[in-house]
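Below is one structure, written out as structure tokens; the observations come after it.
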Amino acid sequence: MNKSLATLFATAAAATFSLGAYAQSTDAMPAPGTPGTTTTTTTVTTDTIETKMVPAPGISHAEAKDLKIESKGDYKARKNIAEANHDLNKADCKATTDGAVKRACESDARAQERKDKADANLIHKQETQDINAETK
């Protein structure tokens with residue numbers, strides 16, 4: 001099942017990137033909200049590019065469960081990225097500053113980590129709500 005989801009995501013990503021070439025021809029693409037289609041939204045931040053999965057209308061419970069598991073895995077990955085970025089920022093602070101400036105820099109790094117983790121949590125909750133709203 002995970003392989004089929006990975007294939008679905010790869011296909012959706014490839015279709016999303018190739019839609020620019022077909023932007024003039026709108027009659028060949030299905031209407032938004034057509035059953036069996038998925039929509040992806042991409043959020044670009046300064047450090048990463050995140051793609052949020054928006055499920056197709058009327059998904060089954062098994063598909064919803066798989067999407068929730070994937071969303072939870074993405075959430076954990078985002079948290080781990082935030083922790084790794086914190087470690088990098090903290091190491092930069094130690095290498096380049098001393099004294100009070102160093103402590104302030106480390107405090108800023110910690111605040112950024114908290115913000116990134118909160119953002120990851122919000123994304124996860126929104127994905128879960130979207131999945132629950134689309135479940136049959």
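The values are calculated or read from the model by the stated rules, or taken from the named source; none is laboratory data. What you are looking at is a predicted structure, and each value in this text was computed from that prediction instead of being measured. Positions of Cβ are generated from backbone atoms using ideal geometry, with glycine treated the same way; all protein chains shown enter the neighbour counts. These area figures cover heavy atoms from the full protein model, side chains too; ligands, DNA and RNA do not enter into them. Shrake-Rupley method; radii C 1.70, N 1.55, O 1.52, S 1.80 Å.
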**Of all residues in region 99-136 being over 18 Å from the mean Cα position of the chain (by Cα) and among the β-branched types (Val, Ile, Thr), the one that is modelled with the lowest pLDDT** = 135
**Prompt:** In region 79-98, is there at least one residue being at pLDDT 90 or above, of a type in the set (S, T, N, Q), part of a loop (DSSP other than H, G, I, E, B) and out of contact with any Lys or Arg (no Cβ under 8 Å at 6 or more places or on another chain)?
**Reply:** yes
**Message:** Pairs please, first residue from region 94-115 and open to solvent by less than 90 Å² (accessible area, probe 1.4 Å), second anywhere and small (Gly, Ala, Ser), Cβ atoms under 9 Å, 6+ apart in sequence or on different chains.
**Reply:** 97/104; 112/82; 113/82
**Complete:** Taking first residues from region 66-82 that are free of Cβ contacts under 8 Å to residues at least 12 places away in the same chain and open to solvent by less than 50 Å² (accessible area, probe 1.4 Å) and second residues anywhere that are small (Gly, Ala, Ser) and part of a helix (DSSP H, G or I), the pairs with Cβ under 9 Å that are 6 or more apart or on different chains are 77/120
